[in-house]
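The values are calculated or read from the model by the stated rules, or taken from the named source; none is laboratory data. Since we're looking at a predicted model, the values are computed, not measured. All Cβ positions, even for glycine, are placed from backbone atoms using ideal geometry, and neighbour counts span all protein chains on display. Ligands, DNA and RNA are stripped out before the accessible areas are found, and what is left, the full protein with its side chains, is counted by its heavy atoms. Shrake-Rupley method; radii C 1.70, N 1.55, O 1.52, S 1.80 Å.
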Amino acid sequence: MSYDPQFAKIGEVLVHEGLITEKELESALSEQKNKKDKLGNILVSQGVITEDELATAFSLQANCKKLTEDELLKAPEEIVKLIPEDFARQNNILALKKTSDSIYVAIEDPEDVSTLDAIKKLVNLKPEVFVSGKTAIKNAIDQLYERVKKSGEVESAISNIKIVKGNEEGGDELDLGSEKVSAKDAPFVKLVNLILTEAIKEDSSDVHIEPGRDEVNVRIRVDGVLVKIMTPPASSLNGIVTRIKILSKLNIAEHRLPQDGRMKIKTDSRDIDVRVSILPTVHGEKVVLRLLGSGKLSLNLSNLGFPDKKLQTFKKWIGQPYGMIIISGPTGSGKSTTLYAALQEIHSEGINITTVEDPVEYQLAGINQVQMHDEIGLNFSASLRSILRQDPDVLLIGEIRDEETANIAVKFSMTGHLVFSTVHANDATSTILRLLDLGIPPFLLGSSLNLVMAQRLVRTIDKDYNEVYNPTKEELDLIDFPKSKIKSTKFHRGIPHRSNHNTGYKGRTAIHEIMEVDSTIKKLIFDGADQTDIKAAAMKNGMTPLRDAGIEKIINGTSSIDEIIRATVEDI
C-alpha cells in the first residue's frame, strides 16, 4: 500500500519523513494516554522534534504551505484585526489575507476543525489554511496586534483632517503630561504628542519621521538601532511637519530649504531638550528630532562598562592637575556621557569647572556650562577666549572641530589647566593623526596629551530573555576569537521578545581603547611616526584595541558575537 501523507495520521507522517522513529512514536502515544494532549505537542515537549519539523509534517498532511515567522509578519494590519486579539491569542491563529469569500489564516494544526469553524462564524468567510510553528505564530501575534493598536491611535488622531492652519498657538515648551487636546484642536497635535510620548517612554535618542510615496515611516532609535513604531498615511505628513515647525518656531511656509530648530518637552519626571532638523526630500520634508536628556543617564564611572584595570587608569589621568584628555568615537558613542561622569568624579568645591558645549546635553549641578549660539557669533573659539579670563581649573570643550579650537585647547592644557574634549576619529591612534591634521604642531601635541580613549557603545543581551549556545566555527573565525578561551567561554545570545523590540538586546554598555601617552609615545609624536608605530608602542604599553575589548564583553556574557562584529572592525 503506497504512502499518502494526506490520508495518514500525523505520527505516521513524522515516521515516514524520518523525523521520528517508531519507538519514539510509541513512547509519545503511551504518554498521550496520560496527558490527554496532542501528539505533536508531546513530541515537541520531549525534545524529539522541533516546532518547525512538526509544522513541516502538518503541511504535508494538509497539503498546504508552511510559513516562517518573517512571512507571518508581512500580514497587513487591516487583515490581522479581522480576528479579535483575545480569540487569536487563545487559539494561536493569525489572519493573513482575504478574498471576497475566503480568509487565509496561519494555524499550528490544520486539523483543528473547531477553531476553523469558529473563525467561519466570526468573520463569515471560509477559512483557508497555512501552517506555522507555535512560537512563530505567537511572536507574530505579539508584534502585529501591537502595530494594530498603534495604527488605531494614529487613525483616531488624524481622522476628519481637511486643512491645517498655520496660526496655531506657538511656543517653545510642550507639556505632554498636562496638555489637554479638545475636539476642535488639530488632530496633528495628538499625533505629534503620541510620537513624542512613545519615544520618551522607550528612552530613545532620536525620532525619524520619513516621508514615502504612500505612507510616512516613524522610527525611533533605541539602544542605537532604529525601530519602526508607526506608519501614518502620506496625507498626514504636512500636518505633522507643520505642527513640529510651530513648536520649534520655524518657518511653516518654507518647504524647499533645510531648517533647524529646538523645543523643550516637560514630562512628570524630567525636562527634555529637543533639537529639530528638517530636510526636504523627493517625497516631502523629513524630520529628525534629537532628544537630549531623554535616556536614563548614569553619571557614575563605575556604571559605564569600564573593566577594573581600565577604570583605575582613567581615574588616574582625570585626577591630574593639567594636560589634555581626548575621547574619540562617532556620534552617539557615549563620549559626552563619559566626560560628564568624569567631571562628576573630580567635582569639588575647591576647583572651578567650566564647559563649552554645542549643545549642552545634560545640566550638571555645580558646573558652569556655556551653550554655543553660532547665529550671534558665540562659537567655541570666541567662548574659549573669554573663559580664560574666568580662571577655570578644568575645562570641557564639547568637540575639537577646527584649528583655532584645537590650538586654544592645547594652550589651556599647557598653562596649568586640565582639558577634556572629544574628536571624531575611529580609534585612539587615528585621534592623534586627526589632531595633527587640524594643525597642532607635533611638539605641542606630544607635550599636552595625557590620555586618548576611543569608545563605542554595544548593545547588551537581555538579562530576562537569553540562551547559551555553541557558535559555529565561521562565527568564531569572523571575530578572530582566541582559541585558548573557546572551551572556557559560555556564549550567550538574546531571545527576541516584545519587551526587547524583538532584538534580544536591552540596554547598552561601552567598550574602550585607552592609550596612555607616556614618554615613548610622546617621542613618536615628536618624531612624526606613523599610525602603525604609535599603535604598536601603545599595545606594548597595555592598550586593548576596541575589538579585543568587545571580545571581553562576549567572554563575560554581556554582549554577543554579532553585536561586537557590528560595532567594531577587525584589528589589523
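Please specify each residue of region 23-60 satisfying the condition of being open to solvent by less than 50 Å² (accessible area, probe 1.4 Å) and outside any helix (DSSP H, G or I).
V48, I49
Can you find, within region 71-126, the residue that is least open to solvent (accessible area, probe 1.4 Å) among those that are in a helix (DSSP H, G or I) and in contact with a Lys or Arg (Cβ under 6 Å, 6 or more places away or on another chain)?
If we take residues in region 71-126 being in a helix (DSSP H, G or I) and in contact with a Lys or Arg (Cβ under 6 Å, 6 or more places away or on another chain), then I79 is least open to solvent (accessible area, probe 1.4 Å).
Filter region 61-70 down to the residues that are in a loop (DSSP other than H, G, I, E, B) and open to solvent by 60 Å² or more (accessible area, probe 1.4 Å) and list them by number.
Selection gives N63, K65, T68.
How many residues are touching a residue at least 24 places away in the same chain (Cβ under 8 Å) and part of a strand (DSSP E or B) if we restrict to region 222-260?
Residues flagged as touching a residue at least 24 places away in the same chain (Cβ under 8 Å) and part of a strand (DSSP E or B) within region 222-260 amount to 6.
Find all pairs meeting these conditions: Cβ atoms under 8 angstrom apart; at least six residues apart or on different chains; first residue within region 306-319 and closer than 17 Å to N450 by Cβ; second residue open to solvent by 50 Å² or more (accessible area, probe 1.4 Å).
L311/S302; K315/E345; I318/E345
Test N217 against the criterion of being within 25 Å of E146 (Cα to Cα), modelled with pLDDT of 90 or more and among the polar types (S, T, N, Q), and give yes or no. Full working, then the answer.
Working: within 25 Å of E146 (Cα to Cα): yes; modelled with pLDDT of 90 or more: yes; among the polar types (S, T, N, Q): yes.
Yes.
Pairs, please: C-beta under 8 Å, at least 6 apart or cross-chain, first residue under 18 Å from K245 (Cβ atoms) and open to solvent by 20 Å² or more (accessible area, probe 1.4 Å) and in region 187-201, second in a helix (DSSP H, G or I) and modelled with pLDDT of 85 or more?
From region 187-201, the pairs are P187/G239.
Which of the following residues is small (G, A, S) and surrounded by 16 or more Cβ atoms within 10 Å (Cβ to Cβ): G319, G332, G323?
Answer to the check: G323.
Could you grab me the full set of residues in region 168-207 that are among the acidic types (D, E), at pLDDT 50 or above and touching a Lys or Arg at 6+ places or on another chain (Cβ under 7 Å)?
E173, D175, D203, D206
For region 351-469, which helices (runs of 4 or more DSSP H) that fit wholly inside it have 3 or more residues that are open to solvent by 40 Å² or more (accessible area, probe 1.4 Å) and not hydrophobic (A, V, I, L, M, F, W, C)?
Values: elements: 380-387, 403-413, 428-437, 442-448.
Qualifying helices (runs of 4 or more DSSP H): 403-413.
Given the criterion buried (at least 16 other Cβ atoms within 10 Å of the Cβ) and at pLDDT 85 or above, identify the matching residue among S248, S294.
One residue alone meets the criteria, S248.
Only one residue in S559, S488, S499 is at negative phi, in contact with a strand residue (DSSP E or B) (Cβ under 8 Å, 6 or more places away or on another chain) and surrounded by fewer than 18 Cβ atoms within 10 Å (Cβ to Cβ). Which one?
S499
Name the residues in region 470-485 that are part of a helix (DSSP H, G or I) and more than 17 Å from R566 (Cβ to Cβ), would you?
Of everything in region 470-485, those that are part of a helix (DSSP H, G or I) and more than 17 Å from R566 (Cβ to Cβ) turn out to be K473, K483, S484, K485.
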